[in-house]
There are 2 protein chains.
Amino acid sequence: MTFFDQLKPNAEGLIPAIIQEQSTGRVLMMAWMNRASLDKTLATGKTHFWSRSRQKFWMKGETSGHTQQVQDVAFDCDGDTLLIQVEQIGAACHEGYQSCFYRSVRESGAAVEITEPRLEDPEKIYGKPA
Amino acid sequence: MTFFDQLKPNAEGLIPAIIQEQSTGRVLMMAWMNRASLDKTLATGKTHFWSRSRQKFWMKGETSGHTQQVQDVAFDCDGDTLLIQVEQIGAACHEGYQSCFYRSVRESGAAVEITEPRLEDPEKIYGKPA
């Protein structure tokens, strides 16, 4: 029995993975894993996911070079969510921010605030959109 | 337009919410919110969710008293995940651990390890199962 067999993926065979930077505690992103991407993540020590929008297996950083080195893989009491500690190279967010969670709303009806500086220009990382 | 209208819930109208303890950086749990639970969370400052298994609106801590006081509500670049900073009363996990992510697997094929002490006896919090 593999580790994945102990988990409870959804009807599409996917499980959400929260990615946290171990050294800072910053939650960087959330993405989805299937069995192949979790197996590959454990075997290589680099995070791999399943893109629901592109229906594609992908390694974080395959285009940008901003890979994630896995430090620990935890799972929750219900077995339906992963929490993965990583060390992140560069910015985690494809928008150029350290974390994908760079916007907050403080209270009901309040305006959205940008809560961290943009570290990189996405066009320089991923190329200009056609 | 409410804050929820800026988000992209799934086909069931739900969005995953990662709950992080602001003072320690510990990720405590992940649960699902619908529009009503997010609105209630913002209005009251206490986390409210939608239980997919029980098909029920619930406030965290309504049985255990282990409520979560909201400090910040962030959302990701794709608008499909929330990251909520809280201060947690008592243990977050219904199994009596501080965090629901109390188990880890370090590498492919490795055994599962319990990574934190159990703080409370679930039977004392929720009552003995019948």
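Data for the structure
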{"item": "Leading residue by the ranking (farthest from A:R52 (Cα to Cα)) among those in region B:25-59 that are out of contact with any strand residue (DSSP E or B) (no Cβ under 9 Å at 6 or more places or on another chain) and of a type outside the set (K, R)", "result": "B:A43"}
{"item": "Single unsatisfied condition, A:G65 versus (1) in a loop (DSSP other than H, G, I, E, B); (2) closer than 18 Å to B:D76 by Cα", "result": "(2)"}
{"item": "Condition check for B:S99: within 30 Å of A:A43 (Cα to Cα), outside any loop (DSSP other than H, G, I, E, B) and of a type in the set (S, T, N, Q)", "result": "no"}
{"item": "Single residue of region A:27-48 satisfying the filter (open to solvent by less than 10 Å² (accessible area, probe 1.4 Å) and of a type in the set (V, I, T)) that is nearest to the other protein chains (Cβ to nearest Cβ)", "result": "A:V27"}
{"item": "Long-range neighbours under 9 Å by Cβ, at least six apart or interchain, first residue at the interface with chain B (Cβ under 10 Å from one of its Cβ atoms) within region A:105-120, second at pLDDT below 90 and open to solvent by 80 Å² or more (accessible area, probe 1.4 Å)", "result": "A:V105/B:Q6; A:V112/B:Q6; A:E113/A:R106"}
{"item": "Residue match in region A:60-68 (condition: within 13 Å of chain B (Cβ to nearest Cβ), among the β-branched types (V, I, T) and surrounded by 15 or more Cβ atoms within 10 Å (Cβ to Cβ))", "result": "no"}
{"item": "Identity of the residue in region B:77-93, of a type outside the set (A, V, I, L, M), part of a loop (DSSP other than H, G, I, E, B) and more than 23 Å from A:D5 (Cβ to Cβ), that ends up most open to solvent (accessible area, probe 1.4 Å)", "result": "B:D78"}
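The values are calculated or read from the model by the stated rules, or taken from the named source; none is laboratory data. It should be emphasised that the depicted structure is a prediction, and the values quoted were computed from it without experimental measurement. Note that we place each Cβ from the backbone using ideal geometry, even for glycine, and neighbour counts take in every protein chain shown. All accessible areas refer to the heavy atoms of the entire protein, side chains included, with ligands and DNA or RNA removed. Shrake-Rupley method; radii C 1.70, N 1.55, O 1.52, S 1.80 Å.
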